[in-house]
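**Q** My questions will all concern the structure given below.
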Amino acid sequence: MMAKSPGNKNWLQAWLEDQRILLWGAADLREFLTPADASGQRFPRAIAWALPIHPSIMASVKDGPNQEYAEEYSRVNKRINELAHKLSVELRSRGHRAQPLAASERTDTTNIMGDFPHKTAATRAGIGWVGRHCQLVTSSFGSWVRLGTVFTDMEVDCAMPLQRNFCGRCRRCVDACPARAVQGNEWYPGITREQLLDAHQCDQWKKAHYYEYHKGRICGICSAVCPYGTRLLRDRKKGRR
């Protein structure tokens with residue numbers, strides 16, 4: 001196997017910082033079934049990152065989504081897709097295979113999922129853990145983030161995966177879910193989505209109550225009440241950010 005090149009991480013870090021991506025990591029995905037490229041080859045690694053959603057907008061969603069949140073959701077997802085495309089082009093120009101994972105794209109409508117969980121790449125990249133609400137939680141921004149992923153075969157030092165959650169006894173997301181879809185279990189690597197979230201119940205509630213916002217694809221209430229996120233507002237008031 002080709003030796004890992006320190007130069008790969010150096011240029012990658014510089015590139016990501018130039019794009020104002022500060023929360024990112026490289027994930028070892030060799031034990032996972034990643035999407036395949038045009039030749040049928042899968043990818044051993046991924047570059048994962050998180051972009052924050054504006055704190056005041058997220059805080060406004062605690063009673064349900066609104067137009068400002070819907071627009072911010074679209075803006076951040078668009079930015080993620082642009083960055084994923086640019087990074088894929090950069091990786092290919094350096095002789096590596098690369099393939100972006102679209103932000104919030106539902107390719108399996110029956111099971112309500114995409115080609116690969118962004119959260120899996122993110123936890124393997126050490127960015128954060130998964131909360132009881134089945135959303136990624138970061139220590140810096142809570143779950144007030146959207147995630148980006150680019151699969152690659154580039155040799156790079158990968159982060160230490162997160163193996164546990166840091167939610168403690170907190171159940172605010174469980175209690176806040178109007179659909180009662182959050183099951184209340186603690187995340188650990190290997191737990192099934194169904195043990196954390198009834199995705200169909202969540203989806204049905206959103207379509208029934210919030211259809212005017214992206215045809216019922218968004219809600220955000222469970223993330224809005226996460227203490228790791230609400231802390232951002234307190235820190236802003238204290239002048240820390």
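**Q** Grab the chain and count how many Lys pairs have their alpha-carbon atoms under 29 Å apart, sequence gap of 8 or more, or different chains.
**A** Eligible lysine pairs with Cα atoms under 29 Å apart amount to 24.
**Q** Also, quick follow-up: What is the sum of charges around Leu29, taking Lys and Arg as +1, Asp and Glu as -1, for the other residues whose C-beta is under 10 Å from the C-beta of Leu29?
**A** With Lys, Arg at +1 and Asp, Glu at -1, the net is +2.
**Q** Using alpha carbons only, how many degrees (0 to 90, rounded to 10) separate the axis of helix 6-18 from the longest principal axis of the chain?
**A** So the helix axis and the longest Cα principal axis differ by about 40 degrees.
**Q** With a 10 Å Cβ neighbour count serving as the proxy for reagent exposure, in which order, fewest first, do Cys170, Cys226 appear?
**A** The order, fewest Cβ neighbours first, is Cys170, Cys226.
**Q** Report, in degrees rounded to the nearest 10, the 0 to 90 angle that the Cα long axis of helix 199-209 makes with the longest principal axis of the chain.
**A** Taking the Cα atoms of the chain, the angle to 199-209 is about 50 degrees.
**Q** Given the C-alpha centroids of the range 145-187 and the range 59-96, what is the distance between them in whole angstrom?
**A** 18
**Q** In which sequence would Ser223, Ser56, Ser88 go, from the one with the fewest C-beta neighbours within 10 Å to the one with the most?
**A** Ser56, Ser88, Ser223
**Q** If each residue's Cβ is checked for other Cβ atoms within 10 Å, how do Met58, Met160, Met113, Met154 rank with the fewest at the top?
**A** Listing Met58, Met160, Met113, Met154 from fewest to most nearby Cβ atoms yields Met160, Met113, Met154, Met58.
**Q** Based on DSSP H runs of at least 4 residues, each adding -39500 (n - 2.57), what is the mean residue ellipticity at 222 nm of the chain after dividing by all its residues, to the nearest 500 deg cm²/dmol?
**A** -10500 deg cm²/dmol
**Q** Report, to the nearest 10°, how far helix 67-93 tilts away from the longest principal axis of the Cα atoms in the chain, using its own Cα long axis and a range of 0 to 90°.
**A** 10
**Q** Also: Which one of Phe32, Val225, Ser93 has its Cα pushed farthest toward the positive end of the charge dipole of the range 6-231, where Lys and Arg give +1 and Asp and Glu give -1 at the Cβ?
**A** Final value for the positive-end residue is Val225.
**Q** Rounded to two decimals, what ratio of Rg to Rh does the range 6-231 give with C-alpha atoms and a Kirkwood Rh?
**A** In the range 6-231, Rg relative to Rh is 0.95.
**Q** Given contacts defined as C-alpha pairs under 8 Å and at least six residues apart, what's the relative contact order of the range 6-231, whole-number percent?
**A** 26
Every number in this text was worked out from the coordinates using simple rules, so none of it is lab data. For clarity, every value in this text was computed on a predicted model and none was experimentally measured. Virtual Cβ from ideal backbone geometry, glycine too; neighbours counted across all protein chains shown.
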